[in-house]
Amino acid sequence: METNECDSETERVTCMLKWTFAAVMILGLSTISPAAQAPVFLYDYSLEAQPAGESGDVAADESPAPEETAAAPEASGYTEPEPGVSAAETTLSEVADSGAPAPEFAFETINGVAMDVDLSEVLAVLGEPTERTTDELLGTEEYHYPGMTVGLYEGLVDYVVVPASAGSVRIGDTETLLELAQLRELLGEPDLVADDGLVYVRGPFALKLFTDAEGSALSTMEVFWASS
């Protein structure tokens with residue numbers, strides 16, 4: 001008869017302990033989560049630090065630094081100058097009404113005729129004209145005298161024209177030849193430069209030296225009101 005290995009008392013105790021331990025292990029492992037059952041290693045190489053910029057589970061901190069806002073410059077009191085306006089772009093009225101004091105050499109009187117008088121004063125100084133015409137475009141009455149023409153608007157002097165052929169002219173108390181070079185020396189730098197001549201502004205009046213096509217010779221001098 002074959003003897004069972006657990007027949008003896010000692011062997012039965014030993015077998016019971018083995019079965020109990022086996023049952024405890026089976027029941028215990030069944031209640032532990034799969035993550036807890038996974039083997040645990042001393043080192044986890046997947047978590048080792050890696051150089052910045054290389055691929056890996058742990059990305060380097062590459063968040064951009066906050067942008068710096070440039071400080072606004074302190075006010076210095078400096079004002080950017082406005083773009084300059086050339087003489088050709090400035091109207092005679094703007095020059096005349098600028099408020100700048102008029103130079104001593106003014107254009108108030110031409111050949112003894114004041115620019116702010118009426119017809120009676122013109123006739124008193126020059127006498128009867130050799131011819132009288134009407135300028136339909138300007139609406140003025142023109143009184144022609146030897147060496148000059150006086151234009152009147154509504155009975156008041158509006159302009160005086162002196163051709164270069166007159167030879168000379170008296171501006172205020174100054175007598176001068178009607179030559180471009182001499183007049184430029186007398187009047188100085190013009191306030192405006194036009195295609196057909198040079199313009200000088202003195203207070204409410206303007207004087208224009210009309211030149212030939214080449215701009216080298218005087219053709220006519222005209223004095224007129226620059227502002228209304």
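The values are calculated or read from the model by the stated rules, or taken from the named source; none is laboratory data. Computed from a predicted structure; not experimentally measured. Reconstructed Cβ throughout: ideal geometry from the backbone, glycine too, with neighbour counts over all protein chains shown.
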**Selected residue (criterion: farthest from residue 158 (Cα to Cα)) from residues of the range 184-220 that are part of a strand (DSSP E or B) and more than 38 Å from the chain's Cα centre (by Cα)** = 218
**Prompt:** How about the range 200-213: which of its residues are among the charged types (D, E, K, R) and in contact (Cβ under 8 Å) with a residue 24 or more places away in the chain?
**Reply:** 202
**Item:** Filter pass, residue 125 being free of Cβ contacts under 8 Å to residues at least 40 places away in the same chain and surrounded by 18 or more Cβ atoms within 10 Å (Cβ to Cβ)
**Value:** no
**Asked** In the range 162-199, what count of residues is obtained for those that are touching a residue at least 24 places away in the same chain (Cβ under 8 Å) and touching a Pro at 6+ places or on another chain (Cβ under 7 Å)?
**Response** 1
**Asked** All but one of (1) among the hydroxyl-bearing types (Ser, Thr, Tyr); (2) at pLDDT 90 or above; (3) farther than 22 Å from residue 217 by Cα hold for residue 91; which doesn't?
**Response** (2)
**Cβ pairs under 9 Å, 6+ apart, first in the range 214-226 and at pLDDT below 95, second basic (Lys, Arg)** = 226/202
**Message:** Consider the range 158-183. How many of its residues are farther than 13 Å from residue 111 by Cα and in a strand (DSSP E or B)?
**Reply:** 1
**Filter result (under 52 Å from the mean Cα position of the chain (by Cα) and in a helix (DSSP H, G or I)) within the range 112-144** = 119, 121, 122
